[in-house]
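Trainee: The structure's right below; bear with me while I get my questions together.
The values are calculated or read from the model by the stated rules, or taken from the named source; none is laboratory data. Worth saying up front: this structure is predicted, and the values here are computed from it rather than measured. FYI the Cβ positions are ideal-geometry reconstructions off the backbone, even for glycines, and counts take in every protein chain you see.
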Amino acid sequence: ATIKKVKERGGSNISVLTPDDHERLSRKAAIEKHLIYALDRKNLQLLYQPIVNLANGKVERVEAFVRWTDSEIGVVTPDELIPIAEENGLINKIGSFVVETACLQLKDWKSKNIDLQISINSSIHEFRDKDMAKMLLENLKLNDCHPSSLMIEITEKFALEAEAERSIMTQMKNLHQEGITFALDDFGTGYASFRYMLLLPISSIKIDQMIIQSITKQERIQKLINGMIQFGKSLDFQVTAEGVETNEQFELLRAMGCDSLQGYLIGHPMTAADLEKWLG
Ligand code: C2E
Ligand code: MG
Ligand code: MG
Ligand code: MG
């Protein structure tokens with residue numbers, strides 16, 4: 001990496017790393033070191049954000065987000081954590097933690113008569129482990145949960161790569177047959193190849209929050225979002241809008257016939273205990 005950097009700068013002299021590079025690399029090293037311990041001690045947390053169905057006003061699902069605050073490093077956001085974990089292979093352990101925690105939570109809610117589906121985010125690296133599907137189904141079974149109580153969110157990048165990897169396609173199809181559903185996350189920001197939408201067992205699309213948040217800015221953007229919603233619905237996808245923050249966005253999306261909404265306007269990601277209070 002050092003040599004590459006030097007080359008990129010076009011210098012023929014052997015320059016040293018800048019102070020910024022040093023800071024970045026030492027933070028990354030610290031994250032890697034502490035993450036191993038945190039995962040061993042299950043010292044991470046899941047927060048849950050409600051997703052509301054517009055037809056009946058009910059919370060139909062919650063999306064689980066990983067959170068990690070290290071006593072020395074401080075808060076590490078998923079946007080920083082996930083790419084590092086994907087690079088060093090710890091993403092599989094994060095994935096196992098997320099699946100275990102979500103299944104335990106489903107079991108706990110079931111015992112409290114709280115009927116919610118949990119949606120988890122998955123990186124393609126997790127599915128490159130041939131035992132991913134097995135691990136998922138075992139965790140569900142162990143906690144007496146039906147596979148349909150779990151949804152898996154994948155990005156367009158994931159979908160595009162999965163199309164070319166037979167073993168990932170097979171695992172996804174097996175999971176789908178068992179009842180697990182898949183959603184296409186951040187729809188509209190990625191590669192927009194529509195082929196994989198028909199090839200992969202996807203049942204929902206989630207329109208990206210950047211697009212949703214620009215809805216009130218231009219009529220053309222409204223037309224675009226309306227088009228995305230009608231396109232999704234005509235193919236029998238459940239359409240969810242992410243990142244809804246204002247009443248104006250809410251009303252426009254409702255008028256367009258969007259199936260469900262998620263965002264700070266409805267609720268922030270919260271602990272399971274806070275969500276239970278929020279529901280009540
Ligand atoms: P995502 O799945 O698209 O999640 C949406 C992100 O937007 C979350 O950030 C959420 O907290 C935030 N959000 C929700 N509603 C609003 C809103 O109304 N306004 C704004 N401004 N933001 C909102 P978060 O938790 O930081 O996660 C970022 C990304 O990291 C996620 O994007 C997802 O791709 C990834 N990620 C998060 N948790 C996990 C995980 O457990 N495993 C994996 N593989 N990836 C994860
Ligand atoms: Mg997501
Ligand atoms: Mg998203
Ligand atoms: Mg995202």
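Trainee: List pairs: first in the stretch 224-253 and free of Cβ contacts under 8 Å to residues at least 40 places away in the same chain, second more than 15 Å from ligand 3 (Cβ to nearest atom) and of a type in the set (Phe, Trp, Tyr), Cβ under 6 Å, 6+ apart or cross-chain?
Mentor: Matching pairs, first to second residue: Val244/Phe250.
Trainee: Sort out which residues of the stretch 60-101 are closer than 13 Å to Pro269 by Cβ and of a type in the set (Asp, Glu), and write them in order of number.
Mentor: Of everything in the stretch 60-101, just one residue is closer than 13 Å to Pro269 by Cβ and of a type in the set (Asp, Glu), namely Glu63.
Trainee: Could you list, in sequence order, all residues of the stretch 57-78 that are in contact (Cβ under 8 Å) with a residue 40 or more places away in the chain and of a type in the set (Asp, Glu)?
Mentor: Glu60, Glu63, Glu72 - these are the residues of the stretch 57-78 that are in contact (Cβ under 8 Å) with a residue 40 or more places away in the chain and of a type in the set (Asp, Glu).
Trainee: Kindly provide the set of residues from the stretch 161-211 that are over 16 Å from the mean Cα position of the chain (by Cα) and within 15 Å of ligand 2 (Cβ to nearest atom), ordered by number.
Mentor: Answer for the stretch 161-211, where residues must be over 16 Å from the mean Cα position of the chain (by Cα) and within 15 Å of ligand 2 (Cβ to nearest atom): just Ile211.
Trainee: Can you find, within the stretch 164-196, the residue that is nearest to ligand 4 (Cβ to nearest atom) among those that are over 18 Å from Ser119 (Cβ atoms) and aliphatic (A, V, I, L, M)?
Mentor: The qualifying residue nearest to ligand 4 (Cβ to nearest atom) is Ala192.
Trainee: Across the stretch 227-243, which residue is nearest to Ser203 (Cα to Cα) among those that are of a type in the set (A, V, I, L, M) and over 16 Å from the mean Cα position of the chain (by Cα)? Walk me through how you get there before you give the answer.
Mentor: Applying the first criterion (of a type in the set (A, V, I, L, M)) to the stretch 227-243 yields 228-229, 235, 239, 241.
Of the ones still in play, those that are also over 16 Å from the mean Cα position of the chain (by Cα) are 228-229, 235.
Working: Met228: 15, Ile229: 14, Leu235: 9 Å.
Per the stated criteria, the residue is Leu235.
Trainee: Of a type in the set (Lys, Arg), under 30 Å from Asp115 (Cβ atoms) and surrounded by 20 or more Cβ atoms within 10 Å (Cβ to Cβ): is that true of Lys206 in this structure? Lay out the reasoning, then the answer.
Mentor: Values: of a type in the set (Lys, Arg): yes; under 30 Å from Asp115 (Cβ atoms): yes; surrounded by 20 or more Cβ atoms within 10 Å (Cβ to Cβ): yes.
Against the criterion (of a type in the set (Lys, Arg), under 30 Å from Asp115 (Cβ atoms) and surrounded by 20 or more Cβ atoms within 10 Å (Cβ to Cβ)), Lys206 qualifies.
Trainee: Turning to a different aspect of this structure: Looking at (1) within 16 Å of ligand 2 (Cβ to nearest atom); (2) modelled with pLDDT of 95 or more; (3) buried (at least 17 other Cβ atoms within 10 Å of the Cβ), which is the only condition Phe158 fails?
Mentor: (2)
Trainee: Here's another thing I want to ask about it. List pairs: first residue in the stretch 97-124 and over 17 Å from Trp278 (Cβ atoms), second residue more than 13 Å from ligand 1 (Cβ to nearest atom) and assigned to a helix (DSSP H, G or I) anywhere in the structure, Cβ distance under 6 angstrom, at least six positions apart or on different chains.
Mentor: Once the first residue is over 17 Å from Trp278 (Cβ atoms) and sits in the stretch 97-124, its partners that are more than 13 Å from ligand 1 (Cβ to nearest atom) and assigned to a helix (DSSP H, G or I) give Val99/Leu136; Val99/Asn139; Glu100/Asn139; Cys103/Asn139; Cys103/Leu140; Leu106/Ser149; Ile124/Glu161.
Trainee: Determine whether the stretch 79-87 contains at least one residue that is closer than 22 Å to Ile205 by Cβ and either touching a residue at least 40 places away in the same chain (Cβ under 8 Å) or in contact with a strand residue (DSSP E or B) (Cβ under 8 Å, 6 or more places away or on another chain) (or both).
Mentor: Step one: of the stretch 79-87, the residues closer than 22 Å to Ile205 by Cβ are 79, 82.
Of the ones still in play, those that are also either touching a residue at least 40 places away in the same chain (Cβ under 8 Å) or in contact with a strand residue (DSSP E or B) (Cβ under 8 Å, 6 or more places away or on another chain) (or both) are 82.
Yes, the stretch 79-87 contains at least one residue that is closer than 22 Å to Ile205 by Cβ and either touching a residue at least 40 places away in the same chain (Cβ under 8 Å) or in contact with a strand residue (DSSP E or B) (Cβ under 8 Å, 6 or more places away or on another chain) (or both).
Trainee: Please specify each residue of the stretch 176-195 satisfying the condition of being among the aromatic types (Phe, Trp, Tyr) and more than 11 Å from ligand 1 (Cβ to nearest atom). Step through it out loud before you land on a result.
Mentor: Pass one, the stretch 176-195, residues among the aromatic types (Phe, Trp, Tyr): 182, 187, 191, 194.
Those that are among the aromatic types (Phe, Trp, Tyr) and more than 11 Å from ligand 1 (Cβ to nearest atom): Phe182, Tyr191, Phe194.
Trainee: For the condition among the aliphatic types (A, V, I, L, M) and either modelled with pLDDT under 95 or surrounded by fewer than 17 Cβ atoms within 10 Å (Cβ to Cβ) (or both), what is the one hit in Ala38, Ala30, Ala64? Write out each step before concluding.
Mentor: On the way: Ala38 fails: either modelled with pLDDT under 95 or surrounded by fewer than 17 Cβ atoms within 10 Å (Cβ to Cβ) (or both); Ala64 fails: either modelled with pLDDT under 95 or surrounded by fewer than 17 Cβ atoms within 10 Å (Cβ to Cβ) (or both).
The match here is Ala30.
Trainee: Of all residues in the stretch 56-84, which are more than 16 Å from ligand 2 (Cβ to nearest atom) and either farther than 25 Å from Thr181 by Cα or small (Gly, Ala, Ser) (or both)?
Mentor: Gly57, Trp68, Thr69, Asp70, Ser71, Glu72, Ile73, Gly74, Val75, Val76, Glu80, Ile84
Trainee: Right, something else. Does Ser204 satisfy being under 26 Å from Glu242 (Cα atoms), modelled with pLDDT under 95 and touching a helix residue (DSSP H, G or I) at 6+ places or on another chain (Cβ under 9 Å)? Quick ask: steps written out before the conclusion?
Mentor: On the way: under 26 Å from Glu242 (Cα atoms): yes; modelled with pLDDT under 95: no; touching a helix residue (DSSP H, G or I) at 6+ places or on another chain (Cβ under 9 Å): yes.
So Ser204 does not fit the description; no.
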